[in-house]
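Take a look at the structure set out below.
The values are calculated or read from the model by the stated rules, or taken from the named source; none is laboratory data. Please read all numbers here as calculations on a predicted model, not as lab measurements. No Cβ is skipped: glycine too gets one built from the backbone with ideal geometry, and neighbour counts run over all protein chains shown.
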Amino acid sequence: MSNTNVKIFKSHTLAPVQRKTLEYLRNFVADRGFAPTLKDISVHIGVKSPSTAHFHLARLEDKGFIARSEDGSIQIIDQDTPSPSHGDNSVPLLGTIAAGYPIEVIEDTSVYIELPKHYFDARGEIYCLQVAGDSMIGAHIMDGDIIVVRSQTSAEDGQIVVAVLEDETATLKTFRRLKGGKIMLIPHNPEHKPLTLDNVSIRGRMIGLIREY
């Protein structure tokens with residue numbers, strides 16, 4: 001684990017899916033005078049889960065593009081804030097990875113994290129993800145932690161990987177290849193069961209962890 005020489009740059013720019021969500025909100029509220037449902041937003045932006053739409057609404061609110069009230073109403077706030085610059089050792093925080101039940105892949109390049117130089121070499125692209133869930137607590141990976149990932153499409157037994165399943169959900173688990181060719185994704189929490197699968201798409205291997213105290 002490392003939190004030394006790490007800088008996080010939060011940008012007020014929008015990822016494409018968030019820009020699409022904001023434009024939909026603007027048009028919907030202007031036409032009807034009230035906000036769309038999470039299901040409406042999910043259908044429009046092409047995601048399966050209302051929780052994904054909720055995530056993007058929360059990011060729009062965090063960045064100051066909308067304001068939400070307890071009764072579900074949404075106020076659109078126009079702004080044009082330039083994105084802050086980030087250094088040569090900065091990598092994108094691409095969203096959230098499930099350490100628990102798999103969730104839809106969420107990509108958002110509006111936050112950059114500047115990492116120590118030792119993470120960088122010629123062996124592949126580096127990016128970060130924020131952990132959601134508790135299935136990896138036995139490996140000292142907690143809910144809310146940010147993991148550093150080296151992009152790769154294969155894995156060896158015992159490596160902690162970002163795995164995308166056939167239904168396009170993603171999860172963080174330890175990789176193991178079984179006899180007969182099946183793949184097991186192993187949690188580090190006895191309350192969660194391993195996943196045994198025929199096919200898994202490996203998107204990267206965890207190489208570091210950032211935690212704020």
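Would you pick out the residues in the stretch 167-213 that are in a strand (DSSP E or B), of a type in the set (G, A, S) and without any contact (Cβ under 8 Å) to a residue 60 or more places away in the chain?
S201
Of everything in the stretch 14-44, what is modelled with pLDDT under 85 and crowded, with 16+ Cβ neighbours inside 10 Å? Give them in sequence order. Let's see the steps before the verdict.
To start, the set of residues in the stretch 14-44 that are modelled with pLDDT under 85 comprises 14-20.
Result: L14, A15, V17, Q18, K20.
Would you confirm, using the coordinates I've provided, whether Y112 is aromatic (F, W, Y), at pLDDT below 85 and touching a strand residue (DSSP E or B) at 6+ places or on another chain (Cβ under 7 Å)?
yes
Select from the stretch 117-143 the residues that are in a loop (DSSP other than H, G, I, E, B) and free of Cβ contacts under 8 Å to residues at least 40 places away in the same chain and write down the one among them that is nearest to the chain's Cα centre (by Cα).
The extreme case among them is G133.
Can you name every residue in the stretch 112-160 that is hydroxyl-bearing (S, T, Y) and within 20 Å of T171 (Cβ to Cβ)? Talk me through it step by step, then tell me what you get.
Going through the stretch 112-160, the residues hydroxyl-bearing (S, T, Y) turn out to be 112, 119, 127, 135, 151, 153-154.
Within the stretch 112-160, Y127, S135, S151, T153, S154 qualify.
Filter the stretch 139-158 down to the residues that are exposed (fewer than 14 other Cβ atoms within 10 Å of the Cβ) and either of a type outside the set (D, E) or not assigned by TED's automatic domain parsing to the domain that holds I97 (or both), then identify the one that is modelled with the highest pLDDT.
G158
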